[in-house]
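Remarks on the structure that follows.
The values are calculated or read from the model by the stated rules, or taken from the named source; none is laboratory data. These figures come from a predicted structure and were not determined experimentally. Cβ placement follows ideal geometry from the backbone for every residue including glycine, while neighbour counts extend to all protein chains displayed.
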Amino acid sequence: MVSIESKNISRRGFLGAAAAVAAGAAALSATGCSAEASLDAADKHELPTDPADGGTWVAAACWHNCGGRCMNKVMVKDGAVIRQKTDDTHEDSPDYPQQRGCVRGKAQQQQCFGADRILYPLKRKGWQPGGGENSNGQMRGRDEWERISWDEAIELACQEIKRISDEYGPTGFYCKSPDATINVMCGCVRGWDTTSHGTYTLGCDMIGLPSTDCGKANDRFDLPNADYIIMYSSNPTWSAAGTPTYYFIQAKESGTKFVTVDPLYNATAQILDADWIPVRNGTDMAFMLATAYEMLRLDEEEGDIVDWDFLHTYTVGFDAESMPEDAKLDENLKDYILGAYDGTPKTPEWAESICGVPPEQVTEFARILGKNNKTMLLHNYGMVRCNGSEMIPQMLMALGAMGGHMGKSGHACGGNYHANAGNYGPNLVTAGSAKTPKTKNPCSTGVRQPQLYDIILNGGGSFYDVSNSYGSFHEPIPTTLGPIKGIFHVTDATLQTSLHQKAGIEAHRAVDFVLTRAQFMTTNALYSDIILPVTTEWERVGSVTSCNREFVYCYSQVTEPLGEAKTDQEIGTLLLEGMGMDPALAYNTSEKQQFFEQIAGCKVMGDDGTMGPLVTITDADISEWGVEGTAQEGIVSLADFIENGGYQFERTPDDGHGFIGYEDFVSDPVANPLSSASGKLEIYCQARYDLMASFEYDGIEQFKPYPTYVTPCVGYESTFKDGAIGGEKGEYPYIMYNPHYLRRSHSVFDNCPWLRETWANPVFLNRKDAEEKGIAEGDTVLISTPAGQGLRVAAVMDILMPGVVGVPHGAWVDVDEETGIDRAGSDNYLIGAEYGGMGVSGYNNQICNVEKYTGESLKPDCELPPRWSEN
């Protein structure tokens, strides 16, 4: 494996260290803004408390879906935020770590008080209700905006919603994530996509894994017990920049060795001094099959590599001796790996031309996975957001099972995702929920998101409806849709974060009406007709959210709503009243009552192992709040819970709350069966395959009920003219992926000046590739794909695989209407609608070309004017 040295990093410095990794450093140098000034801009807002300030500290929301789920506090004086800090509710220690935030949390005040906030209703000048020519849809994204009153905005919106609803019914509208207002008001067609979880959205419960989950890993206190921790397609330092990396630092300091499998030697790998196995994005199945081949070879030649007892006791389908009862195909994974069915053993030499990993690295990786090592195989979702990745959950599970790495201390095969990265197990403290009316969308139709744009552009169409919500698949229902004439955007960033974005823009221009709630001129908002200004979480009464298994976060209102912004519930109430409907059908209690119910419903693990009330609530509290409720006895007072910003469960290594993934199943598989038909881990799974095959998507004939290597509809093979690896390179010779990094949380924060100063909007290029193209650090680069073209600034690296191009996710599209080139280089503007198998969206194995741009160079992001200003 490749070993790369990096300096030891302290607890205090590890979050800041992410800014110093090569990608960040390259991006900084490309901005044209001073690195020192940039870092100062991000750091100067966390200042020590000065009692003389006379302000009040308030636990403030850090509400975006980055995965960290950290604590954020602000000092408010005279209605203004004058200081900001993170968790200081207790002394920091490895056993009881503070829930510290990252630079994105420090930038939250620009999400509330940003100069580009939309603070009053806006209407596109060229739009009028009535449809047809009145819509002037071709001007969406090009038109000017005019300020209107709330009364006018609601009247115009409701007039158009009624018209479309009367003519087309609920299928006349589309919304990715409809809320109670839309369900009651009119209903809509839903879009579905595999997005974050990739192939894990389909039928993982059928193979014995948790639904839409990577699988059960271990509690953080068990990390130091591992000899090796493999971080597969995982970079929590960027994607979940809270406590997870700190947990892994403790393991490193205890002697655990780390290995990273990723096309980029990422920030987490550098912090942990990990050995690096660079694998081309989208080719992981070839690498995994070769690893399994080597485990079998080494076991036969040397012994003690494969845990055969584990395979035959806890899994089905690995070999002929362990086939499930419902198998329709007389084939198994072991014999496929050895080449029994196609004459091609899946050797490291076979895999090298596909995945790029030298055979000796495959062999070393296979040894690490051997049964006599305490190895944790922890993974995230990046490698399954690829075309052709349908069977990776079963293959990863098979690798873990081959080494017996489940159900015992120091061993794991499971997720390293979001706030629970490095700390898996049942929650020890949980948030409560509010009692709100249950509403139902009158339309049950769901369409795969990119396909939906084509249906809108074609005025309707026929398809198989296989899912009407995220991760909920069913047998295909033949469905025909008529015209979709209205689009709603609620709290999502659908047009920005879904692939086939270029067609998505044209689909937005093709409908009669687009209504959006927004805080900024986001991509959703830009291609709308009416924008309703919605408050940030800092302007709302407060809320409670579960974070990692040890922490529940309670945040309160920081400021009164700015301008004319309203909450979602207030907007929903106005729309329902405008439609002549009773708002109580969607909202029958106040937002303060809902906040109280969330607090009252919080639970904490007791000494007896059962969950009980967390917060003590007295009759006096209920009276003071002016809400309905019942007094209860918890372990923290209501006042302290709010002042502290929630509650953290204090841990020690011997507290009895440790967790080992699959321990109960391994100890007694009969008494604790898994969710599969056999009750075991199904390496061969007939049910999942049958469901997938019923969709009849292109390429399904390549798949089997067990893991095999398939040629993806778009992937590494597509970079060659004839599709044959090793042949002449084609028009798009590079393979492109979309890493998440600290500039943004998905697409949020893209407009934040502090973060724009600190991180540019780069394209990651391997140094050899860049030199061959005559591209230098900081050059403007034209990225071309079969779907579109975009511009980015070059960040040239030695820590990215040759032939791989990284386009960090989430840049707000900025299309030059004359050239069709996106000046922001939005990743999804560069991706088309291709799919196969089960319909996995290939965010991370698209093909592209890169060239030095001959037109006007991009200005540094921090010098660009805001996308919206009321002046």
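Table for the structure above
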item: Qualifying residue in region 793-807 (condition: in a loop (DSSP other than H, G, I, E, B), touching a residue at least 40 places away in the same chain (Cβ under 8 Å), crowded, with 23+ Cβ neighbours inside 10 Å and touching a helix residue (DSSP H, G or I) at 6+ places or on another chain (Cβ under 9 Å)); result: yes
item: Any hit, region 355-374, residues being among the aromatic types (Phe, Trp, Tyr), surrounded by fewer than 24 Cβ atoms within 10 Å (Cβ to Cβ) and modelled with pLDDT of 95 or more; result: no
item: Residues being over 21 Å from Thr199 (Cα atoms) and in contact (Cβ under 8 Å) with a residue 12 or more places away in the chain - total across region 447-476; result: 9
item: The lone exception for Ser694 - which of (1) out of contact with any strand residue (DSSP E or B) (no Cβ under 6 Å at 6 or more places or on another chain); (2) assigned by TED's automatic domain parsing to the domain that holds Thr344; (3) not hydrophobic (A, V, I, L, M, F, W, C) it fails; result: (1)
item: Odd one out for Tyr464 among (1) of a type in the set (Phe, Trp, Tyr); (2) over 30 Å from Gln557 (Cβ atoms); (3) part of a loop (DSSP other than H, G, I, E, B); result: (3)
item: Leu338 in contact (Cβ under 8 Å) with a residue 12 or more places away in the chain, of a type in the set (A, V, I, L, M) and loosely packed, with under 15 Cβ neighbours inside 10 Å; result: no
item: Subset tally (residues that are over 12 Å from Ile683 (Cβ atoms) and of a type outside the set (A, V, I, L, M, F, W, C)) for region 309-334; result: 7
item: Test: residue in region 821-832 that is within 20 Å of the chain's Cα centre (by Cα), surrounded by fewer than 21 Cβ atoms within 10 Å (Cβ to Cβ) and assigned to a loop (DSSP other than H, G, I, E, B); result: yes
item: Residue under evaluation Ser857, criteria (1) touching a helix residue (DSSP H, G or I) at 6+ places or on another chain (Cβ under 8 Å); (2) of a type in the set (S, T, N, Q); (3) part of a loop (DSSP other than H, G, I, E, B), criterion not met; result: (1)
item: Any hit, region 259-266, residues being out of contact with any Pro (no Cβ under 8 Å at 6 or more places or on another chain), assigned to a helix (DSSP H, G or I), farther than 30 Å from Glu650 by Cα and β-branched (Val, Ile, Thr); result: no
item: Which listed residue is over 35 Å from the mean Cα position of the chain (by Cα) and at positive phi, from Gly656, Gly645, Gly609, Gly626; result: Gly626
item: Single residue of region 116-126 satisfying the filter (under 11 Å from Asp529 (Cβ atoms) and either touching a helix residue (DSSP H, G or I) at 6+ places or on another chain (Cβ under 6 Å) or without any contact (Cβ under 8 Å) to a residue 60 or more places away in the chain (or both)) that is surrounded by the most Cβ atoms within 10 Å (Cβ to Cβ); result: Gly126
item: Residue within region 394-410 that is crowded, with 18+ Cβ neighbours inside 10 Å, in a loop (DSSP other than H, G, I, E, B) and polar (S, T, N, Q) present; result: no
item: Answer residue from region 187-234, given it is under 20 Å from the mean Cα position of the chain (by Cα) and aliphatic (A, V, I, L, M) and is modelled with the lowest pLDDT among those; result: Leu202
item: Conditions (1) over 30 Å from Cys602 (Cβ atoms); (2) buried (at least 24 other Cβ atoms within 10 Å of the Cβ): number failed by Phe473; result: (2)
item: Which listed residue, of Thr49, Thr56, is over 27 Å from the mean Cα position of the chain (by Cα), β-branched (Val, Ile, Thr) and at pLDDT below 50; result: Thr49
item: Cross-chain or 6+ apart pairs with Cβ under 7 Å, region 140-153 first and in contact (Cβ under 8 Å) with a residue 60 or more places away in the chain, then of a type in the set (Asp, Glu); result: Arg142/Glu817; Trp150/Glu564
item: Region 92-115: number of residues that are among the aliphatic types (A, V, I, L, M), crowded, with 20+ Cβ neighbours inside 10 Å and out of contact with any His (no Cβ under 9 Å at 6 or more places or on another chain); result: 1
item: Tally of residues being acidic (Asp, Glu) and free of Cβ contacts under 8 Å to residues at least 40 places away in the same chain across region 815-846; result: 3
item: Evaluation of Asn65 against (1) in contact with a strand residue (DSSP E or B) (Cβ under 7 Å, 6 or more places away or on another chain); (2) at pLDDT 80 or above (one fails), failing number; result: (2)
item: Top-ranked residue in region 733-755 [being surrounded by fewer than 19 Cβ atoms within 10 Å (Cβ to Cβ) and part of a loop (DSSP other than H, G, I, E, B); ranked as modelled with the lowest pLDDT]; result: His746
item: The lone exception for Pro786 - which of (1) crowded, with 17+ Cβ neighbours inside 10 Å; (2) on the phi < 0 side of the Ramachandran plot it fails; result: (1)
item: Residues of region 254-286 satisfying the condition of being among the acidic types (Asp, Glu) and surrounded by 24 or more Cβ atoms within 10 Å (Cβ to Cβ); result: Asp262, Asp284
item: Residue count, region 526-557 (criterion: of a type in the set (Ser, Thr, Tyr) and in a strand (DSSP E or B)); result: 6
item: Residue in region 437-446 that is touching a strand residue (DSSP E or B) at 6+ places or on another chain (Cβ under 6 Å) and assigned to a strand (DSSP E or B) present; result: yes
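Yes or no, residue by residue, for (1) crowded, with 24+ Cβ neighbours inside 10 Å; (2) of a type in the set (Ser, Thr, Tyr):
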{"residue": "Asn225", "(1), (2)": "no, no"}
{"residue": "Thr243", "(1), (2)": "yes, yes"}
{"residue": "Phe248", "(1), (2)": "yes, no"}
{"residue": "Lys252", "(1), (2)": "no, no"}
{"residue": "Met288", "(1), (2)": "yes, no"}
{"residue": "Arg297", "(1), (2)": "no, no"}
{"residue": "Ile305", "(1), (2)": "no, no"}
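Per-residue answers, yes or no, for (1) touching a Phe, Trp or Tyr at 6+ places or on another chain (Cβ under 8 Å); (2) over 25 Å from Tyr553 (Cα atoms); (3) surrounded by fewer than 23 Cβ atoms within 10 Å (Cβ to Cβ); (4) without any contact (Cβ under 8 Å) to a residue 60 or more places away in the chain:
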site: Ala639; (1), (2), (3), (4): no, no, yes, yes
site: Gly646; (1), (2), (3), (4): yes, no, no, no
site: Asp655; (1), (2), (3), (4): no, no, yes, yes
site: Gly658; (1), (2), (3), (4): yes, no, yes, no
site: Gly661; (1), (2), (3), (4): yes, yes, no, no
site: Val666; (1), (2), (3), (4): yes, yes, yes, no
site: Val670; (1), (2), (3), (4): no, yes, yes, yes
site: Leu681; (1), (2), (3), (4): yes, yes, no, no
site: Ala687; (1), (2), (3), (4): no, yes, yes, no
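Okay, residues lined up against (1) of a type in the set (Ser, Thr, Tyr); (2) under 20 Å from Ser747 (Cα atoms); (3) at pLDDT 95 or above:
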| residue | (1), (2), (3) |
| --- | --- |
| Phe764 | no, yes, yes |
| Met797 | no, no, yes |
| Val804 | no, no, yes |
| Pro808 | no, yes, yes |
| Arg823 | no, yes, yes |
| Ile847 | no, no, yes |
| Thr854 | yes, no, yes |
| Ser857 | yes, no, yes |
